[in-house]
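Asker: Got a structure here, written out as structure tokens. Questions coming.
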Amino acid sequence: MELDDLTRYSGEWLRGVGPESDIVISSRIRLARNLADYPFISRASDQDRVHILNDLHESIQDIAQNEEILCVNVEDLGGVDRQFLVERQLISRELAESRGARSVTIGRAENFSLMVNEEDHVRIQVMQSGLDLDTAWERINRIDDQIEQHVTYAFDETLGYLTACPTNVGTGMRVSVMLHLPALVMTRHIEKVFRSLHKISLAVRGLYGEGSQAMGDFYQISNQVTLGRAEEDIIKQVCDVVPVIIGYERQARDFLVREKQENLHDRVARAYGILRNAQTISSEETMHLLSSVRMGINLGLIEDLKIPVINELFIHTQPAHLQKLSGTELDTTDRNIERARYLRTHLSSQGPRESEKN
């Protein structure tokens, strides 16, 4: 398994097969861990970073016995390859932009990644398609136990797991669910939902997590508090809230179909038409238009076009993916032209047609 192999298929979380996958793109759990024998990354020397990688090598090999993995030395990657992994949700921007010895280990189905020498010594991430936090927790708990068989974590009996950022101290857990909420945006109810989430200490972030903007009406809902709470309690809080948001989105979609059908159909048809015929198009506009098309498919306004195809286009039309797929580095103008060509080719090959429903 090589890095370029990732361009030839989609990760499990993009396949749209999980529970509530018309609205929930993915469920993710991340654990932050540090080794007891070394200082935090902000204080670690270059030699410390190398030793941390070496100490974790046996743990990684243990994981490899159970499933096929890809180990990538991030320090040796070029800028496009690092950005490619960020777009794929397999590494963070911080790991991509950091310096020194660092790596990522990726599962064949892209349902887990193990980042070494990011903000913390180890960041374990598991992703599942749709709303499936229970499976994600079962998998990440098993991986965490496998690693701890070979290393000693920095742990305090009172505080819990010790992390570089105080907000992660305790469980070191971040639970997040990525939702597609175009109808709440269109009906202008999205801000009301966000205010309610903030009141119960849940954070709302963009497509690429902390510090990123929302694109394509995608939002990540995640916990903010880890200290003094059990892992199961954090998961339960998110599991209890997400179905409520799903319900609001469904109500908003029903309202649009019932009261704004002509406007909705026009929005979807225009978005679909532009994507199939544009000669040049930006990443931001593509995300916006794909969002409308994705909603149109789920509402039956576009037939014979599958959700996994649209999910994949959201990722494959990002800048680094376009360059990897074309086999050459492209400036902004050329990327916009290549993006339009890629969209025309892949949407035409699907042969979808607009529904005649009114």
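The values are calculated or read from the model by the stated rules, or taken from the named source; none is laboratory data. Every value quoted in this text rests on a predicted model; they were computed, and no experiment measured them. As a convention, Cβ positions derive from the backbone with ideal geometry for all residues, glycine included, and neighbour counts pool all protein chains shown.
Asker: Between a residue in region 279-308 that is over 23 Å from GLY206 (Cα atoms) and any residue that is aromatic (Phe, Trp, Tyr) and in a helix (DSSP H, G or I), which pairs come within a Cβ distance under 9 Å, given they are 6 or more apart or on different chains?
Answerer: Correct list of pairs: LEU301/TYR272; ILE302/TYR272; LEU305/TYR272.
Asker: Identify the residue in region 222-260 that is of a type in the set (Gly, Ala, Ser) and in contact with a Gly (Cβ under 9 Å, 6 or more places away or on another chain) and, among all such residues, is surrounded by the fewest Cβ atoms within 10 Å (Cβ to Cβ).
Answerer: The first filter runs over region 222-260 and keeps only residues of a type in the set (Gly, Ala, Ser), leaving 222, 228, 230, 247, 252.
Narrowing further to those that are in contact with a Gly (Cβ under 9 Å, 6 or more places away or on another chain): 222, 228.
Details: SER222: 22, GLY228: 11.
Once the filter is applied, the top-ranked residue is GLY228.
Asker: Out of all the residues in region 57-76, which are in contact (Cβ under 8 Å) with a residue 40 or more places away in the chain and buried (at least 16 other Cβ atoms within 10 Å of the Cβ)?
Answerer: SER59, ILE60, ILE63, ILE69, LEU70, VAL72
Asker: Let me spell it out: the conditions are (1) farther than 28 Å from ASN223 by Cα; (2) surrounded by fewer than 19 Cβ atoms within 10 Å (Cβ to Cβ); (3) not hydroxyl-bearing (Ser, Thr, Tyr), and ALA36 meets all of them except one. Which number is the exception?
Answerer: ALA36 satisfies every listed condition except (1).
Asker: Still on this structure, I have one more. Please verify whether TYR161 is farther than 23 Å from PRO319 by Cα, among the aromatic types (Phe, Trp, Tyr) and touching a Gly at 6+ places or on another chain (Cβ under 8 Å), treating the condition exactly as stated. Talk me through it step by step, then tell me what you get.
Answerer: On the way: farther than 23 Å from PRO319 by Cα: yes; among the aromatic types (Phe, Trp, Tyr): yes; touching a Gly at 6+ places or on another chain (Cβ under 8 Å): yes.
So TYR161 fits the description; yes.
Asker: What do you reckon, is ASP48 surrounded by 14 or more Cβ atoms within 10 Å (Cβ to Cβ), part of a helix (DSSP H, G or I), without any contact (Cβ under 8 Å) to a residue 40 or more places away in the chain and not small (Gly, Ala, Ser)? Talk me through it step by step, then tell me what you get.
Answerer: On the way: surrounded by 14 or more Cβ atoms within 10 Å (Cβ to Cβ): yes; part of a helix (DSSP H, G or I): yes; without any contact (Cβ under 8 Å) to a residue 40 or more places away in the chain: yes; not small (Gly, Ala, Ser): yes.
Against the criterion (surrounded by 14 or more Cβ atoms within 10 Å (Cβ to Cβ), part of a helix (DSSP H, G or I), without any contact (Cβ under 8 Å) to a residue 40 or more places away in the chain and not small (Gly, Ala, Ser)), ASP48 qualifies.
Asker: To continue, here is another question. Within region 90-97, is even one residue more than 22 Å from the chain's Cα centre (by Cα), surrounded by fewer than 18 Cβ atoms within 10 Å (Cβ to Cβ) and over 21 Å from LYS324 (Cβ atoms)? Steps first, answer last, please.
Answerer: Within region 90-97, the subset more than 22 Å from the chain's Cα centre (by Cα) is none.
No, that holds for no residue.
Asker: Of all the residues that make up region 261-272, how many are surrounded by fewer than 17 Cβ atoms within 10 Å (Cβ to Cβ) and under 22 Å from PRO319 (Cβ atoms)?
Answerer: 0
Asker: Which pairs do you get when a residue that is more than 20 Å from LEU299 (Cβ to Cβ), found in region 1-27, comes within reach of a residue that is of a type in the set (Phe, Trp, Tyr) and crowded, with 19+ Cβ neighbours inside 10 Å, reach meaning Cβ atoms under 7 angstrom, with the pair 6+ apart or on two chains?
Answerer: Sorted first by the residue in region 1-27, then by its partner, the pairs are SER26/TRP13.
Asker: Right, LEU275: in contact with a Pro (Cβ under 9 Å, 6 or more places away or on another chain), surrounded by 18 or more Cβ atoms within 10 Å (Cβ to Cβ) and not polar (S, T, N, Q) or not?
Answerer: On the way: in contact with a Pro (Cβ under 9 Å, 6 or more places away or on another chain): no; surrounded by 18 or more Cβ atoms within 10 Å (Cβ to Cβ): yes; not polar (S, T, N, Q): yes.
Here the answer is no, as LEU275 does not meet what is asked.
Asker: Turning to a different aspect of this structure: Please state which one of ALA214, ALA203 is within 17 Å of SER27 (Cβ to Cβ), at pLDDT below 95, of a type outside the set (Val, Ile, Thr) and surrounded by 16 or more Cβ atoms within 10 Å (Cβ to Cβ). Can you show your working first?
Answerer: Values: ALA214 fails: within 17 Å of SER27 (Cβ to Cβ).
Only one candidate qualifies: ALA203.
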